[in-house]
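A short worksheet on the structure shown next.
Taken together, the values in this text are just the output of simple stated rules run on the coordinates, not laboratory data. In this text the structure is predicted, and so the values were computed from the model without any measurement. In this analysis, Cβ positions are derived from the backbone assuming ideal geometry, glycine residues included, and neighbour counts consider all displayed protein chains.
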Amino acid sequence: MRLDKLLSNMGFGSRKEVKQLLKTGAIVVDGVTVKDAKTHVDPALQTVLLHGEPVEYRKYIYLMMNKPGGVISATEDRRDETVIDLLGEEERVFDPFPVGRLDKDTEGLLLITNDGSFNHALMSPRKHVAKTYFAQVTGMLTEEDVRHVAKGVTLDDGYVTKPGVLEILQANEDTSELRLTITEGKYHQVKRMMLSLDKEVTYLKRVSIGELLLDESLELGEYRELTEDELALFDWQPE
Ligand code: URA
């Protein structure tokens, strides 16, 4: 990563201001004064001092993305664009990965981090973190469907889901809209739960994870850092 970018990211001013700072000889990398803003440094391996004080490069990042359809929740793929491809270089240097998966055609709230423990805390089946989805389906949802979901439905492989909360937002003869909250994350779970009710999902978007809501001001494909308050929703304090 470029030295000016690193210092700027760490809050030591704009790239222009950082350039000036470098000119003064205030920055020492591995014992050598560096004045060239273009110098590449690896903050994980090299020591950067500013006026003799170590620049603590933070270890972890926590991002929320409004995932668009058409990209996959993986770090790399030979064929498809991944959610990591949508990040800027500033984020990619952290080697982040998606927390869990959304299907290629699913939109909405996706967390991205490089903190394995955070990932585990959210993904561990024992933690029962609730996830809420908005969906459009074919066919007419009924109160009976709501009751089925509340008891747990049987998926195509015989697995009986944990109770979920189905809210019908709109129900017409050929299409319905719903909100579904579930506490587990089996493969294609929402789509398969709907299939067990003879409905096919035509649009799917995740709107929340636990108490964390998707920031609807993010356009599809946009992302931002989680705030400390948002991390605290998961009882998480960044190191
Ligand atoms: N359930 C699905 O079927 N797909 C998703 O992407 C997420 C949950």
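Summary of values
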read-out: Net length gained if the chain between residue 213 and residue 120 were fully extended (0.36 nm per residue, minus Cα distance); value: 31.5 nm
read-out: Relative contact order, percent, the range 137-239 [alpha-carbon distance under 8 Å, six or more residues apart]; value: 23
read-out: Radius 14 Å from Cβ of residue 181, net charge of other residues (Lys, Arg +1; Asp, Glu -1); value: +2
read-out: Residue order, fewest to most surrounding Cβ atoms within 10 angstrom, among 188, 148; value: 188, 148
read-out: The range 114-239, dipole about Cα centre (Lys/Arg Cβ +1, Asp/Glu Cβ -1), debye to the nearest 20; value: 620
read-out: Entries of 59/191; 67/199; 19/104; 59/127 with Cα pairs more than 32 Å apart; value: 59/191; 19/104
read-out: Formal net charge of residues neighbouring residue 191 (Cβ-Cβ distance under 11 Å; K, R +1; D, E -1); value: -1
read-out: Label-point gap, in nm, between residue 177 and residue 225 - each point 7 angstrom along Cα→Cβ; value: 3.5
read-out: Phi-based couplings in Hz for the range 110-126 (Karplus 6.51, -1.76, 1.60; Gly and Pro marked x); value: 10, 8, 9, 8, 10, 9, x, 5, 5, 4, 5, 4, 8, 9, 4, x, 5
read-out: Dipole moment magnitude, nearest 20 debye, the range 3-54 about Cα centre, only Lys, Arg, Asp, Glu C-beta charged; value: 280
read-out: Relative contact order (percent, whole number), the range 3-54, Cα cutoff 8 Å, 6+ residue spacing; value: 33
read-out: Equivalent ellipsoid dimensions for the chain as semi-axes, Å, which come from the Cα gyration tensor, largest first; value: 45, 16, 14
